[in-house]
Amino acid sequence: MKRSRLIFSLVGMLLLSVGTAKSQQSEIGYQHEYTNETLETDSLPNDSVLNQNVKKSIIPKYDPQRLEEQTDKIFSSLFGESKKLSNADSIINKLDALPPFGIYKDNFFIVGTQMFTTPTRWNSDAKFQVSIRHRLTNSTLPFKTYLYLTYTQKAFWDVFKESFPFRDLNYNPAVGIGKALVYKNRLLGSIALQFEHESNGKDGIDSRSWNKVTFASTFILHEHWMLESEVWIPIVDGEGNKDIVEYSGWANMSLEYTSPNKQYILGMSVTKRKGWNLNHNVTLQAAARIFNDSNQFLFLEYYNGYGESMLDYKQHRQRLRIGFVIKPNFMNFF
């Protein structure tokens, strides 16, 4: 009897040691498996040592140097290196030193006609634009921002009709606050917030007007490419143009390429009209410098869409015009 009890005790101790060893081996294997794979730690007890160890192993450590390297790669791929723009402090000082009054957008005079039709005095005209800005402050405001005023006037002139009447005049004054964008002393571009008014100065059934709160941005990509975008909140107060957003749009994006030494400039502008479909107005431009030491260019413009003039904003136009343009010496801000 004593011998049998001794045998049973030995067998029981052996089974117990084997079970404990298997349990420890399973736990170690479990930990090894999930420290290298994704683990749902919520399924483990909150106070277990295993849960704490696993959580520590799967939570990535914050590495500021690696984050900075990744950020540098992103900015380098988007903007590229540029000797001209790599000293942003000097460029901002140059902006501050420029005369407060100057050119804002392109100033041009062009003549043309409706495409794919026989040119007549009724479908041909001249179009010109005068655009100026006045900087009210330098970069001395908080966050190195600028306060400025702009005024742009666009005219559609029936020069082929008797008495040369002006078909429509569009007036666009604005007040804005802007800031230059800088990353590691590289000038990236600018951002601005503007309040604009646009109208054609007429009364009665020909009256057109609206206001816009506009967020604008300009990015200089790889030195020769410039990307501009505008998104505005329309405030339509004109009785004769309640649906102007459907034709003149709510956002614009422009891409411009400037050749070395600024001999040639190519540009494309797309304005998104109201709606979720792909309706838009398109402007294509090409300019060739006339004199090496001037900002005057021969100018070709193609327009396809609605909303070119405020009076006839519902009228579709596809016109090609040619003439000359005076461009800003620097970017068209501040």
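Values as computed for the structure displayed
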item: Rg to Rh quotient for region 83-326, alpha carbon positions, Kirkwood Rh; result: 0.97
item: Above-threshold pairs, the threshold being 21 Å between Cα atoms, out of LYS154/LYS179; LYS127/LYS274; LYS84/LYS327; result: LYS154/LYS179; LYS127/LYS274
item: Computed lengthening from LYS84 to VAL111, 0.36 nm per intervening residue step minus Cα-Cα distance; result: 6.1 nm
item: Long-range amide H partners of PHE324 with built H, under 5 Å; result: PHE109, PHE299
item: Out-of-range pairs (alpha-carbon distance over 27 Å; input LYS144/LYS242; LYS144/LYS184; LYS161/LYS212; LYS144/LYS262; LYS73/LYS272; LYS161/LYS262); result: LYS144/LYS242; LYS161/LYS212; LYS144/LYS262; LYS73/LYS272; LYS161/LYS262
item: Label-point separation in nm, HIS222 to PHE166, each point 7 Å along Cα→Cβ; result: 4.3 nm
item: Gain on full stretching of the segment that runs from ASN304 to LEU149 - 0.36 nm per residue minus C-alpha separation; result: 52.8 nm
item: Extension gain, ARG66 back to ASP293 (0.36 nm per residue minus Cα-Cα distance, nm); result: 77.1 nm
item: Mean-position separation - Cα centroids, region 113-158 and region 161-180, in angstrom; result: 6 Å
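Bear in mind that the values in this text are calculations on the coordinates, not laboratory data. Since the model is a prediction, treat every value here as computed from it, not as a measurement. A quick note on method: Cβ atoms are made from the backbone with ideal geometry, for glycine too, and the neighbour counts reach across all protein chains shown.
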